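Let me begin by presenting the structure, written as structure tokens, before commenting on it.
Every read-out reported here was derived from the displayed coordinates using simple, explicitly stated rules and does not represent laboratory data. Note that the structure is predicted; figures quoted are calculated from it, not measured. Reconstructed Cβ throughout: ideal geometry from the backbone, glycine too, with neighbour counts over all protein chains shown.
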């Protein structure tokens, strides 16, 4: 075990080029997924929070449930859709980073939408009178509350990133774990472990955990920053 | 206005993230097996091929059955697997028009040094399997429709054992690749059938050693096929055929023979063997 | 400074307004008119319905029955009226940004925002605090900022719900001074208060509420000199009205 750890540290220290390619791809895929999930999920969550419509409760329950969508299921759905013999086969993006981004977006969007909905709904209770008294229109209300809740929403985005960065089930199915092309930290850890090449797996595991810790630290400092604008 | 800049940056980033790296670059998708990948063969072969032709080969490593299914869906251009009967079925379905033998290696029965079934060093794989079953010695099966798995199942049949019916708790079907199977065998002191290539490059052996080898029935042939462009128009037939042609060319065959781990050759080229 | 109004919200007329919530009657048969002129002060014990009455008159609450009209029209959007709540909600931005938000909501031209913001901050005695996060202001400062925010919308009618209830005397005076100033500029003030002294100081008219009904109305001078109802008399004598 210890020799594996030392080898792992050596790998990281030597700035093994392929290691950094893998890390770079992981960040690219997960950050892109979070960006897309935010673009879809934040307005969606705000829309649901601020409007009454038939089936609202049902939709909220479904989105909350989808937060727990198993990554392999998401991977399977995207795989079947993007396969050449599937409905979106003509896009030709199976086994590419784009497919991985789509799969992770599928996983992260419910998280961001659900957290946004909860946050905006709570904020609306607080601001309802003031915004109604100022005759603020429907779209402007959403924009105002989203900006006002920016610290909580950033935390939601960071939570989404954590989920994306940590998963392997979806991206290994739709990405194919192709060497130099769709291999990320998590898929490489899975592969190297199965090949018995533990130093590499441990090195990547360490980097991945390190990134997750940094993300959590960012979440924490965002909360602290938010306190600056929120009073005591 | 700062917000507009952020929005613009996000939009550009979003657009970039969705453009495939190169829509029309020279690349093919090859569906192959976990044993060829885990042995490190592709890491050795593909750079040479890329240097010669400029074609990027993207390998999806799955079990043989899964790889052939990927071909059937048109998601791969070439399939490179090792289960002749499954490959011939693929041909008969019209999913490919020609099968090319490429190389062979052999399977080995791996087991713990402690050898609970008492078969270490014997030469008869069928007898060894019978003994394992009689003694209820722990045995790991890949259970994933891979070439190795199909070979294992065939050997049980040759031994006259209906393994699906007669298996007991000693027989563990894990549904995973060769590396995972070896890891599991190492951790649970069990026997497992592996291809030699993966075994030679496997780094987590623990107490595992080769128990039985050399039986003619452990022969393992690899074949490559181009997915039929008539059935799947998006297949990159020209580039795919270039890859196949290179594999069976003297240069490609030499590359295969040159791949060694610790001085030991893993795969034996035999594209010219008419019976392969 | 005052824009020429195309429509007016005054007079605000409540006709036989009832508000029932959860089986309880909060306001019963309120018929009332708020007309241009001196401030109208709502007084009455806790739970008498003052807040609810203000919310109905502002248009934030639909009555269970009865009619509310603004300048003779029903269902008029709150463009010429504003309200300061007992516990105002501050946006998570600076004090100045809060005022700018109100200016934007009233479609005030962007190029005069800075100037208006400075003026409004000065008017409520918050000069120099523009860049502080609004939520970091003290209670009194937040109340004054809420007032500045309401005034940013250049209202014709300004509602205030017990604005000085939780404030120290300094902040109370600051707010009352502003109210006196803007009342002199012909902004109609409708305010509820707990503080009879404050009512005496500011009122032109008194509306005395008890148990969700209008117990008495009248000019302030008349009411404080000689209330016509026994409840009114007992109230200004400082008795607890159950």
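Percentage of Cα-Cα pair distances in segment A:58-122 greater than 18 Å, rounded to whole percent?
Tail of the P(r) past 18 Å holds 44 percent of the pairs.
With angles folded into 0 to 90 degrees, how steeply does helix B:125-135 sit against the dominant principal axis of chain B? Use alpha carbons for both and round to 10.
70 degrees
Sort C:118-127, A:152-161, A:206-215 by the packing proxy (mean of other Cβ within 10 Å over each peptide's residues), most packed first.
In decreasing order of mean packing, C:118-127, A:152-161, A:206-215 become A:152-161, C:118-127, A:206-215.
How long are the three semi-axes of the equivalent ellipsoid for segment A:56-179, computed from the Cα gyration tensor as the root of 5 times each eigenvalue, in whole Å, largest first?
After diagonalising the Cα gyration tensor, the semi-axes are 35, 15, 13 Å.
For chain C, with a Gaussian network of springs between Cα atoms less than 10 Å apart, report the residue from C:44, C:23, C:218 with the top mean-square fluctuation.
So, out of C:44, C:23, C:218, the one fluctuating most is C:23.
At 37 °C and 0.692 mPa s, what whole-number value in µm²/s does Stokes-Einstein give for the translational diffusion of segment C:112-242, with Rh from the Kirkwood sum over Cα pairs?
Result for D is 202 µm²/s.
When DSSP beta bridges are limited to those with both residues in the protein assembly as shown, what percentage is antiparallel, rounded to the nearest 5?
Beta bridges within the protein assembly as shown, antiparallel portion: roughly 60 percent.
Please state, to two decimals, what the Cα-based radius of gyration of chain B comes to when divided by 2.2 N^0.38 Å (N = residues).
Against the compact-globule rule of thumb, the ratio is 1.15.
Determine one quarter of the surface area of the Cα convex hull of segment B:173-276, which equals its mean projected area, and express it in nm² to one decimal.
With the hull built on Cα positions only, its mean projection is 9.4 nm².
P(r) for the protein assembly as shown, please, calculated from all Cα pair distances in 10 Å bins and given in %.
P(r) for the protein assembly as shown, in whole percents per bin: 3, 12, 17, 16, 12, 9, 8, 8, 8, 5, 2, 0, 0.
Report the per residue volume, in Å³, of the convex hull enclosing the C-alpha atoms of segment C:87-154.
Measuring per residue, one finds 72 Å³ for the Cα hull of segment C:87-154.
Project the alpha carbons of segment C:1-145 onto their principal axes and report the range along each, largest first, in whole Å.
Taking the Cα atoms of segment C:1-145, the three principal extents are 47, 36, 26 Å.
May I ask for the percentage of alpha-carbon pairs in segment B:106-218 that lie more than 25 Å from each other?
Across segment B:106-218, Cα pairs with separations above 25 Å total 7 percent.
Using Cα-only point scatterers and the Debye equation, what is log10 of I(q)/I(0) for chain C at each q in 0.08, 0.14, 0.18 Å⁻¹, rounded to two decimals?
-0.30, -0.92, -1.41
Normalised by the empirical 2.2 N^0.38 Å for globular proteins, what value does the Cα Rg of segment A:2-227 take?
Relative to the rule-of-thumb radius for its length, segment A:2-227 sits at 1.17.
In segment A:1-73, what is the volume of the convex hull around the alpha carbon atoms, normalised per residue and reported in Å³?
Given the Cα convex hull of segment A:1-73, per-residue volume reads 144 Å³.
What does the convex hull of the Cα atoms come to per residue for segment A:116-170, in Å³?
78 Å³
Taking N as the number of residues in segment B:76-168, what value does Rg over Cα atoms divided by 2.2 N^0.38 Å take?
Against the compact-globule rule of thumb, the ratio is 1.30.
Across the residues of B:232-242, average count of Cβ atoms on other protein chains within 10 Å?
For this peptide, the per-residue mean of nearby foreign Cβ atoms is 1.
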